[in-house]
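The values are calculated or read from the model by the stated rules, or taken from the named source; none is laboratory data. The model shown is predicted, which means the values in this text are computed figures rather than measured ones. Every residue, glycine among them, receives a Cβ derived from its backbone with ideal geometry; neighbour counts consider all protein chains shown. Each accessible area value is taken on the protein alone, full model and side chains, heavy atoms only, with ligands, DNA and RNA left out. Shrake-Rupley method; radii C 1.70, N 1.55, O 1.52, S 1.80 Å.
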Amino acid sequence: MQTPDWGALEAVDGVRLSWNVWPNSKIEAAKCVVPFGALVTPRKHLPDMPSVPYDPVRCKGCAACLNPYARVDFNGKLWICPFCYTRNHFPAHYAQISETNLPAELFPTYTTIEYTLQRPNAPPPAYVFVIDTCLVEDELAALRQSVAQALSLLPENALVGLITFGTHAHVHELGFAECQKTYVFRGSKEFSTAQINSQLFGGRSSGFQGGGPGTRGEMNGQHPGSNGQPNQPSQKFLAPLSECEFTLSAILEGLQRDSFPALPECRPARCTGTAIACAATLLAATCPSAPARALLFVGGPATDGGGAVVGKDLEQAMRSHKDIVKDAAPFMRKAVKFYEGVCTQLCTNGHALDVFACSLDQVGLAEMKVCAEKTGGMVVLAESFANTVFKTSFTRMFSYEGEDALGVSSGGVFEVITSRDVRVAGCVGPCAALDKKTLPGAVAETSIGSGGTTAWKLCSLTNDTSLAVYFEVANSGGKEGSAGTVPPAQQQQQFFLQFVTMATTHSGETKLRVTTTTRRWTDGGNVNDVAAGFDQEAGATLVARQLTWKMETEEEFDCPAATRWLDRSLIRLCQRFGDYRKDDANSFQLMPQFSIYPQFMFNLRRSQFVQVFNNSPDETAYYRMILWRECVLNSLVMIQPTLMAYSFNGPPEPVLLDVCSIAPDRILVLDAYFSVVVFHGQTIGQWRKLNYQDQPEHEAFKQLLEAPKADAREILDKRFPVPRLVDCDQHGSQARFLLAKLNPSSTYNSGAMGGAGSDIIFTDDVSLQVFMEHLKRLAVAS
């Protein structure tokens, strides 16, 4: 039996569900183990999607948008909502509607449609650059160059501001051209929003409203509809790039290292938290609820003021995962609480925080992650500001045109509307919950991720931002007239899901995208019918997000607990959907729809998302943040990397992610998402060192060396953040980047070699084969 191509469905609507046929009762749904959910990419580039220049027609009962599944009475000019069954009148301008004259939103094939809302363009975006000056001179020079390049990519009407920080935080006044003028905040002191506001604006902060969602607020006495530019006194800190470019360039060129050098055996005094709080307050006061982002460039840990993560004394080490588990990280709780306060202020006003952390040490990303996570800000972790990972990622952030462009949008609201027997459990992704429930009973009692609502705020999102929405089957199976008790003849009935996303594009237009999709109920006891609709790739991604969310939020849910939870879930799934005789492991067989799901779980439990050993808390926070915002395909590459082999024997081919795939006359390319490894077998490596590729008679060898590098460059060009490129030879020190990801089918104590010229892995980890044998034995146990 051939499994459907779920990826092709995603290309039409940007939606992918873990289960495409749902059991009709809560009890039967619980037996399916893998959560019922959808991965939605709300701004995905869809070439065939229609775009219309008017506002949508909404249901007066549940606020769902008119869609192809609505029943239409052409004579009475009525439509019946498929979600709440409310009868709605068409507006006056739909008077000419008929079976032969349909609006675009009623075309059967237009399940996804984008509306350009008829409202004034948003004011130009604002960017506040928050720059660490405790860097060594080479790092500071590289950062200056990157920021100067970014300024050349910004639109001329964009508002820009500058804050530099070291021992103290300096807010630069760009509107004062006569001389350079800054407002200084003591780094060792924790300032409230009111104090920052008072010092910057002298108490004249009529623009600072707190900027509740959906409100513009008046910006210092000026109505936002006039020209989008803030008046005095706020224009002194945020000015249009065309007016302050010279002043800003002069400040950047003259930017020196912090004038308070670090004491011997001490870290520099760095007040990262104070600088971020100043940026958040400045943006809230000058452009509440308008597109704006603070870009933080940091090169070391915060040691002073609010948000400090470590003391200045170098004898005191940065917190590790072990310290956090033992509650031996004295700064962590206070720092997290501080950044949660900043995050609330950013989310309230719809502003984003981007973090570019370039350091060999940790910078405190684990504490400040809530700010970037809930506001949808970009996060890039690199070793240096001169590193390609940072420089290319930072430049790509400002690309808006073309299919592969990042296409950053702002001020988004994502809303989910469901049929009656489907409840929303929550959302895991770069979003903040809004207090909204479309209908009574639309929200599940148990939350997964950001729950208790059916709408979320997306302060910033890209064309690739993907949200995981979790659902719960509401019907207990015992209510009269519900799906659980209907006659078999009617059990093919449908249910509907609608995803509504509003966002402001870089050009200032407000777009509203509506995706309406339908699936069907089935009798929960019909295992084959339920299994036929299982999408194992989407299922693995939803489980990975749920698992990492539990690890982030539940203190008792550490690595061993997470591994046990995964293993037990997998055993229960195999017992439910496997075909076997009791206590006979050899008879065990999984349905084709589940064939590679155990493999995904094997790699997930070994991945950096679950196993924190050899990763710092900052790295773990970074990996999980990226997992929470990427689509199914990219998430699977993170969980189970892809391996391609290049040889003289034929064209490039995918090979098993196994140590037996290593051969001396092969080049392997591993795409592990965060890094791309070009690995040369022993013979190829020796030939390369002897420069055979430079000899005319070895042209084929030269082409063999160039092909994997070209493919690796193609991956680097399309991805954000840009992966690290590792070029290594077999038995070289950097070969560890490949060996760490391979299935250890032959280890130092297994006694089996993968073949002539292959390799062994020095590990006590079990191999996939052993894992599968244990899984079968436990699944068939009576």
Item checked: Neighbourhood charge, 11 Å Cβ-Cβ cut-off, centred on residue 580 and excluding it, Lys, Arg +1 and Asp, Glu -1 -> +1
Note to self: Taking 8 Å as the Cα distance limit and 6 or more residues as the minimum spacing, I'd like the relative contact order of the chain as a percentage.
What the structure shows: 14
Next item on the list: Give me the distance in nm between label points sitting 7 Å out from Cα along the Cα-to-Cβ direction at residue 182 and residue 613, one decimal.
Entry: 4.6
Check: Taking a quarter of the surface of the convex hull around the Cα atoms of region 303-418, what do you get in nm²?
Finding: 10.6
Notebook entry, point to check: Per the helix-only calculation at 222 nm, which mean residue ellipticity applies to the chain, given -39500 (n - 2.57) for every DSSP H run of n ≥ 4 and division by its residues, nearest 500 deg cm²/dmol?
Noted result: -9000 deg cm²/dmol
Next item on the list: Mind sorting out which of (1) 86, 75, 45; (2) 83, 82, 58; (3) 106, 60, 46 is the real Cα extents along the principal axes in Å computed from the coordinates?
Entry: (2)
Margin query: Could you derive backbone 3J(HN,Hα) for region 239-249 from the dihedral phi with the Karplus parameters 6.51, -1.76 and 1.60 (θ = phi - 60°), listing whole Hz in sequence and x where the residue is Gly or Pro?
Written below: 10, x, 4, 4, 8, 10, 4, 5, 4, 5, 4
Next item on the list: Please name which of 98, 235, 152 has its Cα lying farthest along the dipole of the chain towards the positive end, using unit charges on Cβ (Lys, Arg +1; Asp, Glu -1) and the Cα centre as origin.
Entry: 98
Check: Using a probe of 1.4 angstrom, how much of the accessible area of the chain is carbon and sulfur, in percent?
Finding: 51
Next item on the list: Please list the non-local residues whose amide H lies under 5 Å from the amide H of residue 182, H modeled 1.01 Å from N, same-chain partners needing a gap of 5 or more.
Entry: 173
Note to self: Through the Karplus equation 6.51 cos²θ - 1.76 cosθ + 1.60, θ set to phi - 60°, convert the phi angles of region 284-296 into ³J(HN,Hα) values in whole Hz; use x for Gly and Pro.
What the structure shows: 5, 7, 9, 9, x, 6, 9, x, 7, 8, 9, 10, 9
Checklist line | DSSP-defined beta bridges in the chain - what % are antiparallel, rounded to 5 | finding: 70
Notebook entry, point to check: Among rounded, prolate and oblate, which fits region 94-162 when a ≥ b ≥ c are the square roots of the eigenvalues of its C-alpha gyration tensor, a/c under 1.5 means rounded, and a/b larger than b/c means prolate?
Noted result: prolate
Next item on the list: Give the Debye-formula value of log10 I(q)/I(0) at each listed q (0.16, 0.21, 0.25 Å⁻¹), with one equal scatterer per alpha carbon of region 568-642, two decimals each.
Entry: -0.70, -0.95, -1.15
Next item on the list: Express the accessible area of the chain per residue in Å², computed with a 1.4 Å probe while the remaining protein chains stay in the model.
Entry: 42
Check: How much accessible surface does residue 5 have with a 1.4 Å probe, in Å² rounded to 10?
Finding: 110
Checklist line | Protection proxy ranking of 453-462, 583-592, 772-781 - average other beta-carbon atoms within 10 Å, highest first | finding: 453-462, 772-781, 583-592
Next item on the list: Express in nm, to one decimal, how much length is gained between residue 96 and residue 774 on full extension, taking 0.36 nm for each residue of separation and deducting their alpha carbon distance.
Entry: 237.5 nm
Margin query: Students often forget the sequence filter, so: which lysines lie under 17 Å Cα-Cα from residue 77 once same-chain residues fewer than 8 apart are removed?
Written below: 60
Check: Does region 153-194 classify as rounded, prolate or oblate by the C-alpha gyration tensor (a ≥ b ≥ c root eigenvalues; a/c under 1.5 gives rounded; else a/b over b/c gives prolate, otherwise oblate)?
Finding: prolate
Next item on the list: Ignoring everything but the protein chains, give the 1.4 Å probe accessible area of residue 176 in square angstrom, nearest 10.
Entry: 70
Item checked: region 97-178: GluC sites (Glu not before Pro) falling in loop per DSSP and having at most 11 other Cβ within 10 Å -> 99, 156, 178
Note to self: Skipping prolines and chain starts, which residues have an amide H placed within reach, meaning under 5 Å, of the one on residue 425, given they are 5 or more residues away or on another chain?
What the structure shows: 444, 470, 471, 472
Checklist line | Cβ-defined net charge surrounding residue 134, 11 Å radius [Lys, Arg +1; Asp, Glu -1] | finding: -1
Check: Residue farthest toward the positive end of the dipole of the chain, with Cβ of Lys/Arg at +1 and Asp/Glu at -1: which of 14, 596, 84?
Finding: 84
Margin query: With +1 on the Cβ of every Lys and Arg and -1 on the Cβ of every Asp and Glu, and nothing else charged, how large is the dipole of the chain about its Cα centre, in debye rounded to the nearest 20?
Written below: 2000
Checklist line | Cα gyration tensor, region 518-668 - rounded (a/c under 1.5), prolate or oblate | finding: oblate
Check: Probe 1.4 Å, all protein chains in place: accessible area of residue 416 in Å², nearest 10?
Finding: 0
Margin query: Can you give me the long-range amide H partners of residue 587? Hydrogens built in the peptide plane at 1.01 Å from N, cutoff under 5 Å, separation of 5 or more residues or another chain.
Written below: 581
